[in-house]
Amino acid sequence: MLDLPAPNEGEEGTLESMPARTSVARWYAVQVASSCEKKVKATLEQRAVTLGVSNRILEIEIPETPAVKVKKDGSRQSTEEKVFPGYVLVRMVLDEDTMMAVRSTPNVINFVGAEDRRATGKARGHIKPRPLSRQEVDRIFKRAAEKKTVVKVDLAEGDQILVTAGPFKDFQGEVIEVSGERSKLKALLSIFGRETPVELEFSQISKQN
């Protein structure tokens with residue numbers, strides 16, 4: 001859904017390629033450096049005030065859903081999982097000032113949009129920000145509002161586990177498959193002296209050292 005833009009090579013937008021100034025605020029997706037979403041949000045909020053564009057940069061959001069991370073020792077930690085890691089959503093009135101305020105914020109890579117190629121020469125054009133459609137915005141925030149807890153586990157094939165709940169409680173086994181999107185795994189458990197593959201929920205196991 002979010003088309004990944006080419007990295008910004010330091011070329012700035014020109015007045016000729018800027019969209020016509022409008023007072024309508026739209027949502028834009030901004031690609032940022034890995035794990036810097038919250039830092040960018042805080043910095044941009046402060047810069048919007050400092051640069052006098054806080055009346056046009058109206059909202060900065062990082063859609064998240066609740067998650068439970070299962071640590072190696074089997075303990076569980078409540079956390080938040082980003083709906084779109086590496087992106088920040090900004091509701092803003094797009095003009096030269098607001099666009100430059102966003103682009104010049106540390107750890108911002110570029111807006112999501114189409115490359116505005118130059119008429120002559122082989123040099124790359126700059127990225128022309130593309131506003132998100134109403135359907136895209138609704139889908140993103142609906143997913144964040146669902147509040148369906150995602151269980152993430154620090155497991156890989158070959159890890160040893162202990163079953164802590166369900167009909168195979170207290171059985172030990174070896175992980176042979178991890179399905180993170182389904183919050184499940186398959187493990188070989190010794191049942192009646194035979195190695196038997198069993199599907200388990202992440203919440204039913206703990207990882208052994």
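The values are calculated or read from the model by the stated rules, or taken from the named source; none is laboratory data. Note that the coordinates shown come from a computational prediction; the quantities given were computed from them, not determined experimentally. With ideal geometry, Cβ positions are generated from the backbone for all residues, glycine too; neighbour counts draw on all protein chains shown.
Data for the structure
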quantity	calculated
Residues of region 177-200 classified as within 23 Å of residue 68 (Cβ to Cβ), in contact with a Lys or Arg (Cβ under 9 Å, 6 or more places away or on another chain) and part of a strand (DSSP E or B), total	6
From 155, 132, residue being of a type in the set (A, V, I, L, M), part of a loop (DSSP other than H, G, I, E, B), at pLDDT below 85 and buried (at least 17 other Cβ atoms within 10 Å of the Cβ)	155
Residues of region 178-196 satisfying the condition of being surrounded by 12 or more Cβ atoms within 10 Å (Cβ to Cβ) and closer than 16 Å to residue 155 by Cβ	178, 180, 183, 184, 185, 186, 187, 188, 189
The listed residue being at pLDDT 95 or above and surrounded by fewer than 17 Cβ atoms within 10 Å (Cβ to Cβ), out of 74, 52, 121	52
